[in-house]
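Working notes, beginning with the structure itself.
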Amino acid sequence: MRAVLLGPPGAGKGTQAARLAEQWGIPAISTGDIFRANIKGQTELGRKAQEFTHAGTLVPDEITNAMVRDRLAQDDVVNGFLLDGYPRNPDQAVELDSMLVELDVALDVAIEITADSELVIERLLKRAEIEGRADDTEPVIRKRLEVYATSTAPLTAFYAGRGLLVQVDGIGQVAEVTDRIVAAVESR
Ligand code: B4P
């Protein structure tokens with residue numbers, strides 16, 4: 001299984017990625033998690049990414065693409081992977097295509113988790129109380145939603161045009177959403 005996971009901030013990508021990765025026995029690769037780990041460890045990558053993630057804007061493509069290219073070169077992805085939060089704009093999608101050509105593999109599915117804006121804001125503000133993530137403040141969440149609408153939403157048509165898109169409603173209990181995704185992907 002080689003899949004990408006799309007959806008607005010707060011739709012449940014990170015939550016579902018962990019569950020799907022376990023179900024399918026493949027690594028979940030979250031670009032957001034890699035950035036946060038590097039910011040925490042104060043690495044050079046973290047220093048470069050911080051201003052963007054904290055503002056809710058996309059980290060520049062050259063940084064993000066190079067990071068994903070390195071990650072996809074590792075041994076644990078030979079039998080599959082689930083990319084969570086990448087690609088996030090059409091240029092990244094084209095870059096991913098070229099990485100997959102070099103690896104001589106193809107994408108099986110693009111899973112989009114849908115959820116309306118007011119619900120995702122509510123979820124992320126709740127997470128802010130628990131985890132205190134720097135980008136979970138209301139103005140930054142609104143910025144992330146705006147970036148999603150302008151940069152990431154076009155990927156829905158991009159993958160639909162290739163017959164790879166599966167859209168799943170992200171509203172409901174976490175386990176219920178996982179079951180919906182698994183059923184939708186496995187019945188394709
Ligand atoms: P991400 O880490 O991808 O952040 P996100 O879009 O908010 O998703 P996340 O996975 O955290 O939240 P989820 O929906 O699972 O990106 C953060 C930043 O990194 C970006 O703003 C950007 O700056 C940078 N970045 C990442 N990838 C990039 C790329 N490719 N290019 C450039 N920059 C990039 O869940 C949210 C909350 O909802 C959780 O608290 C969860 O518990 C809750 N939840 C989930 N499912 C639920 C359910 N069914 N019911 C109730 N609550 C639920």
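Residues are listed down the side, and each one gets a yes or a no for (1) over 24 Å from M99 (Cβ atoms); (2) among the hydrophobic types (A, V, I, L, M, F, W, C); (3) in contact with a Leu (Cβ under 9 Å, 6 or more places away or on another chain):
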site: V4; (1), (2), (3): no, yes, yes
site: P8; (1), (2), (3): yes, no, yes
site: L20; (1), (2), (3): no, yes, yes
site: W24; (1), (2), (3): no, yes, yes
site: E44; (1), (2), (3): no, no, no
site: A49; (1), (2), (3): no, yes, no
site: A55; (1), (2), (3): yes, yes, no
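Among the residues in region 103-118, are any within 18 Å of F52 (Cα to Cα) and out of contact with any Ser or Thr (no Cβ under 6 Å at 6 or more places or on another chain)? Spell out how you get there, then give the answer.
From region 103-118, those within 18 Å of F52 (Cα to Cα) are none; that's our starting set.
No, because not a single residue in region 103-118 is within 18 Å of F52 (Cα to Cα) and out of contact with any Ser or Thr (no Cβ under 6 Å at 6 or more places or on another chain).
From the set of residues in region 164-181 that are crowded, with 17+ Cβ neighbours inside 10 Å and in contact (Cβ under 8 Å) with a residue 60 or more places away in the chain, which is nearest to A110 (Cα to Cα)?
Looking at the filtered set, the residue picked out is I181.
Taking E118 as meeting all but one of (1) modelled with pLDDT under 95; (2) not in a helix (DSSP H, G or I), write down the number of the exception.
Failed condition: (2).
Checking the structure you have, find out if any residue of region 101-114 is within 9 Å of the ligand (Cβ to nearest atom), under 21 Å from I171 (Cβ atoms) and surrounded by fewer than 16 Cβ atoms within 10 Å (Cβ to Cβ). Break it down into steps so the answer makes sense when it comes.
Taking region 101-114 and keeping what is within 9 Å of the ligand (Cβ to nearest atom), we get 113.
When the remaining residues are screened for being under 21 Å from I171 (Cβ atoms), the result is 113.
Filter once more, keeping what is surrounded by fewer than 16 Cβ atoms within 10 Å (Cβ to Cβ): none.
No, because not a single residue in region 101-114 is within 9 Å of the ligand (Cβ to nearest atom), under 21 Å from I171 (Cβ atoms) and surrounded by fewer than 16 Cβ atoms within 10 Å (Cβ to Cβ).
All but one of (1) closer than 25 Å to Q23 by Cβ; (2) free of Cβ contacts under 8 Å to residues at least 12 places away in the same chain hold for E62, so report the exception by its number.
Against the list (1) closer than 25 Å to Q23 by Cβ; (2) free of Cβ contacts under 8 Å to residues at least 12 places away in the same chain, E62 comes up short only on (1).
Within region 44-65, track down each residue that is under 15 Å from the mean Cα position of the chain (by Cα) and more than 8 Å from the ligand (Cβ to nearest atom).
To start, the set of residues in region 44-65 that are under 15 Å from the mean Cα position of the chain (by Cα) comprises 53, 56-59, 61, 64-65.
Hit for region 44-65 is N65, nothing else.
In region 155-173, which residues are over 17 Å from the mean Cα position of the chain (by Cα) and under 23 Å from L124 (Cα atoms)?
Hits for region 155-173 are I171, G172, Q173.
Within the group K40, K13, which residue is surrounded by 17 or more Cβ atoms within 10 Å (Cβ to Cβ) and either within 10 Å of the chain's Cα centre (by Cα) or more than 6 Å from the ligand (Cβ to nearest atom) (or both)?
Numbers: K40 fails: surrounded by 17 or more Cβ atoms within 10 Å (Cβ to Cβ).
Every option except K13 fails the conditions.
Hey, can you tell me all the residues within region 66-100 that are among the aromatic types (F, W, Y) and within 13 Å of the ligand (Cβ to nearest atom)?
Taking region 66-100 first, the residues among the aromatic types (F, W, Y) are 81, 86.
Y86 - this is the single residue of region 66-100 that is among the aromatic types (F, W, Y) and within 13 Å of the ligand (Cβ to nearest atom).
When you go through (1) within 7 Å of the ligand (Cβ to nearest atom); (2) aliphatic (A, V, I, L, M); (3) touching a residue at least 40 places away in the same chain (Cβ under 8 Å) one by one for A28, which number turns out not to apply?
(1)
Condition first: within 15 Å of A3 (Cβ to Cβ), surrounded by 14 or more Cβ atoms within 10 Å (Cβ to Cβ) and not hydroxyl-bearing (S, T, Y). Can you find one or more residues in region 53-65 that meet it?
Quick first cut of region 53-65, residues within 15 Å of A3 (Cβ to Cβ) only: none.
No, that holds for no residue.
Hey, among the residues in region 134-161 that are in a loop (DSSP other than H, G, I, E, B) and touching a residue at least 12 places away in the same chain (Cβ under 8 Å), which one's surrounded by the fewest Cβ atoms within 10 Å (Cβ to Cβ)? Walk me through how you get there before you give the answer.
Filtering region 134-161 down to residues in a loop (DSSP other than H, G, I, E, B) leaves 134-137, 153, 161.
Now drop any that are not touching a residue at least 12 places away in the same chain (Cβ under 8 Å), which leaves 134-136.
Values: A134: 15, D135: 19, D136: 22.
Here the residue is A134.
The values are calculated or read from the model by the stated rules, or taken from the named source; none is laboratory data. Here the structure is a predicted model, which means the values were calculated and not measured. Quick reminder, even Gly has a Cβ in these numbers, built from the backbone with ideal geometry, and neighbours come from all protein chains shown.
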